[in-house]
1. Would you tell me the mean number of C-beta atoms belonging to other protein chains that fall within 10 Å of each C-beta in B:42-49, as a whole number?
2. Each residue of region B:132-149 in turn: what ³J(HN,Hα) in whole Hz from Karplus with 6.51, -1.76, 1.60 and θ = phi - 60°, glycine and Pro shown as x?
3. Kindly identify chain A as rounded, prolate or oblate by the Cα gyration tensor criterion: order the square roots of the eigenvalues as a ≥ b ≥ c, call it rounded if a/c is under 1.5, otherwise compare a/b with b/c, prolate if a/b is larger, else oblate.
4. With a point put 7 Å past each Cα toward its Cβ, work out how far A:Ser72 is from B:Leu111 in nm, to one decimal.
5. Take every residue in peptide B:203-213, count the Cβ atoms of other chains within 10 Å of its Cβ, and give the average of those counts.
6. How shielded is B:76-83 by partner chains, expressed as the average number of their Cβ atoms within 10 Å of its Cβ atoms?
7. Just A:Val40, A:Val68, A:Val88 to compare: in a GNM of chain A, with alpha carbon springs under 10 Å, which one fluctuates most?
8. Fewest Cβ neighbours within 10 Å first, please rank B:Arg213, B:Arg9 accordingly.
Amino acid sequence: MAEHIVTKKQYSFVFGALLLLTFVTTAVGMMDLGRLNVVVALVIAVIKAMLVVLFFMHIYWSTKLTRVVVVSGLAWLALLLWLTLTDVLSRGWLGFPGK
Amino acid sequence: MANHSLALRHQFDDVEQQKDASTLGMWLFLATEVLFFGGMFCCYTVYRSAYPAAFGQASNHLNLILGAVSTAILIISSFTMACAVNSAATGAKNALVAFLSLTILFAAAFLVIEMSEWRMLYQEGLMPGFNFTYKEIDPAHVQLFFCMYFSMTGLHASHVTIGIVILTVMAIRAWRGAFSPAYYTPIEISGLYWHFVDLVWIFLFPLYYLIARHLQG
């Protein structure tokens, strides 16, 4: 990794964006958007997480090898969620409505 | 140790490679942490999709203001941690110690708020295993919600506590002059850990506090 020092000013922008998004997600949480509520909440959470990972955790400036580890960690998480949900949601073991 | 901290261990070609190896190792650890918490988030997803009404009911018993304030406090602590890494990289020793202390302070404030929320839930009879007296709609699955809430926020709080210990050690080492612009890898690695703690809360907050606010009368 070429030595890269992120300035306090750059960090301040990210910090401002994170606080703003926290406010937005709380405000939107109060509005009734039906099924979209959970979608909006998760999209905002993912954007916040990306800001933290890319800039606070320096992945934006990191080596390719480190990025591979980050992406594979997320890929394994996706596998965990995806395969568990396809199984659980299709078998009707739990009291799912309509099953 | 401080005198030897600049020394290159014999298995590395240069200082940069040594630092890259530390960063990579920390990210590998964080990948295991993603799956550690991921298992609980997966469990949460399954039960929430099975019992959406009970989860919504239960969620509205959490204190939204406390949840939002503690989210903001953790974000502030992540920012002060990032500033600590910047201070270490530029060799500003006093600023480094100050920013690490601020981060510890905000971490402690987060824990105080969380414990006060737990105490309120205990008093309301919403703490499974200790005091659970909820008798309204679907108490069994409301209890399930609170089991998951206390497990996940508890696991997160234990990470915050470990973070406070790590950052305290770092602040003491920084105070003694162990770090310089040429060597501050431990500060950077501790920073990665601290930001991860913030990351987990970024998902816990909407998934526990914001599920069904829009359905509240």
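Values in this text are rule-based calculations from the coordinates and carry no lab data. This structure is a prediction, so every number in the text was calculated from the model and none was measured. A quick note on method: Cβ atoms are made from the backbone with ideal geometry, for glycine too, and the neighbour counts reach across all protein chains shown.
1. Details: counts 8, 1, 0, 5, 9, 2, 1, 6.
Average neighbour count from other chains, rounded to a whole number: 4.
2. Result, rounded to whole Hz: 10, 10, 5, 10, 7, 5, 6, x, 4, 7, 5, 4, 4, 4, 6, 4, 5, 4.
3. Numbers: a/c = 5.89, a/b = 1.46, b/c = 4.02.
Oblate is the answer for chain A, as a/c is 1.5 or above yet b/c matches or exceeds a/b.
4. Going by the 7 Å Cα→Cβ label model, 3.5 nm.
5. On the way: counts 6, 1, 7, 14, 4, 0, 4, 11, 4, 3, 9.
For this peptide, the per-residue mean of nearby foreign Cβ atoms is 6.
6. Details: counts 3, 0, 7, 9, 2, 2, 12, 6.
Going residue by residue through B:76-83 and averaging, the value is 5.
7. Ranking A:Val40, A:Val68, A:Val88 by mean-square fluctuation puts A:Val88 first.
8. Ascending number of Cβ neighbours within 10 Å: B:Arg9, B:Arg213.
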